[in-house]
Amino acid sequence: MMKRLLITGAGGQLGRMLRGRLGQVAEIVRLSDVAEIAAPAGPHEEVVRCALEDAEAVHDLVKDCDGIVHLGGISVEKAYDPIEDANLRGVYNLYEAARANGKPRILFASTNHTIGYYPQGTKLTPDMPFLPDGLYGVSKIFGEAIASLYHSKFGQETAIVRIGSCTEKPMDWRMLSTWLSHDDFVSLIEAVFGVRKLGCPVIWGVSANDDAWWDNSHVDFLGWQRRDNAARFREEIERTVPCPDPEAAIAKYQGGVFIDEPIHKA
């Protein structure tokens, strides 16, 4: 068990979900977000407000941490400037802070939007070329490249996790393929920080769905046991969610509705 685990973006949907669920990973969980975190720190928690584009603040944030779950940054399609601040400069600051503070292992939350223009049904492995569906996806490609660089140059270990759709349950037809259950995400975090040697693998953040498009066989060494399968929600989806037009982005491309996003201006 680690002494201290940092979660950036702890005020977001996934950060809130993880609170209180990582007691097997670390004695103390340091929660950080650019905005004030509404719920006060509980037992074995620390709350530190921090903007990722502030290099000095990020350096202090990472100090004394043994591991980092990096969820922070912009997680939707926006104009370039805010994406640059949080997802490019912020990631660079995080990796420089990690390098200066003993290189704590990092779980970097990447996204399926790095490959969003692949047709649905195409089976993907991590070595296939990027096909981003927007500036957000491009920013995560930058983050993956930083993780790779710092591993090659400094030995910084990172699990690059291309998260599909991490929700309580799948909510549409596409999510029958992309769903990552909350429990499976927690168990992935436990596996990433529990394995003796990690390296810098790309991991598809997806549960054991019958209709999954992504191959995780290369990370069997993690011992990650995915226990959930979106198939158990298929009947509910078929009953409650209209089947989309096969030519609509949500039915045609792996990135779904992000394909329809324009290039936003400030």
Cβ pairs under 6 Å, 6+ apart or interchain, first in the stretch 139-150 and touching a residue at least 12 places away in the same chain (Cβ under 8 Å), second among the aromatic types (Phe, Trp, Tyr) and surrounded by fewer than 22 Cβ atoms within 10 Å (Cβ to Cβ), ordered by first then second residue, are 141/130
Taking the stretch 209-226 and keeping residues farther than 17 Å from residue 123 by Cα, over 18 Å from the mean Cα position of the chain (by Cα) and surrounded by 14 or more Cβ atoms within 10 Å (Cβ to Cβ) leaves none
| message | Can you find a residue that is closer than 24 Å to residue 35 by Cα, touching a Pro at 6+ places or on another chain (Cβ under 7 Å), touching a residue at least 40 places away in the same chain (Cβ under 8 Å) and not in a helix (DSSP H, G or I) anywhere in the stretch 99-112? | response | no
Screening 137, 223 for residues that are over 22 Å from residue 75 (Cβ atoms) and touching a Gly at 6+ places or on another chain (Cβ under 9 Å) leaves only 223
Within the stretch 131-177, of all residues that are assigned to a helix (DSSP H, G or I) and hydroxyl-bearing (Ser, Thr, Tyr), the one most open to solvent (accessible area, probe 1.4 Å) is 152
Condition test on residue 237, is it assigned to a helix (DSSP H, G or I) and touching a Pro at 6+ places or on another chain (Cβ under 8 Å)? yes
Query raised in the report: Mind checking whether some residue in the stretch 37-57 is assigned to a strand (DSSP E or B), of a type in the set (A, V, I, L, M, F, W, C) and open to solvent by 10 Å² or more (accessible area, probe 1.4 Å)?
Result: yes
request  = Confirm whether residue 229 is open to solvent by 30 Å² or more (accessible area, probe 1.4 Å) and under 22 Å from residue 116 (Cα atoms).
outcome  = yes
Expected output for the stretch 70-97 (first residue at positive phi and buried (at least 19 other Cβ atoms within 10 Å of the Cβ), partner at pLDDT 95 or above and not in a helix (DSSP H, G or I), Cβ below 8 Å, 6+ apart or cross-chain) is 73/8; 73/9; 73/52
For the stretch 117-130, state whether one or more residues are open to solvent by 10 Å² or more (accessible area, probe 1.4 Å), in contact with a helix residue (DSSP H, G or I) (Cβ under 8 Å, 6 or more places away or on another chain) and aliphatic (A, V, I, L, M). no
Restricting the stretch 151-161 to residues that are free of Cβ contacts under 8 Å to residues at least 60 places away in the same chain and over 16 Å from the mean Cα position of the chain (by Cα), the one nearest to residue 201 (Cα to Cα) turns out to be 151
| query | Would a scan of the stretch 60-69 turn up a residue that is β-branched (Val, Ile, Thr), open to solvent by 40 Å² or more (accessible area, probe 1.4 Å) and outside any loop (DSSP other than H, G, I, E, B)? | reply | no
Test: residue 234 is within 29 Å of residue 154 (Cα to Cα) and open to solvent by 40 Å² or more (accessible area, probe 1.4 Å): no
Of the residues in the stretch 1-59, those that are small (Gly, Ala, Ser), in contact (Cβ under 8 Å) with a residue 60 or more places away in the chain and over 25 Å from residue 102 (Cα atoms) number 1
Those residues of the stretch 96-108 that are touching a strand residue (DSSP E or B) at 6+ places or on another chain (Cβ under 8 Å) and not β-branched (Val, Ile, Thr) come to a total of 5
Every listed condition ((1) farther than 25 Å from residue 133 by Cβ; (2) open to solvent by 60 Å² or more (accessible area, probe 1.4 Å); (3) hydrophobic (A, V, I, L, M, F, W, C); (4) in contact (Cβ under 8 Å) with a residue 40 or more places away in the chain) holds for residue 198 save (2)
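The values are calculated or read from the model by the stated rules, or taken from the named source; none is laboratory data. Just so it is clear, the model here is predicted, and its values are computed rather than measured. In this analysis, Cβ positions are derived from the backbone assuming ideal geometry, glycine residues included, and neighbour counts consider all displayed protein chains. When the accessible area is computed, the model is the full protein with side chains, heavy atoms only, and any ligands, DNA or RNA have been set aside. Shrake-Rupley method; radii C 1.70, N 1.55, O 1.52, S 1.80 Å.
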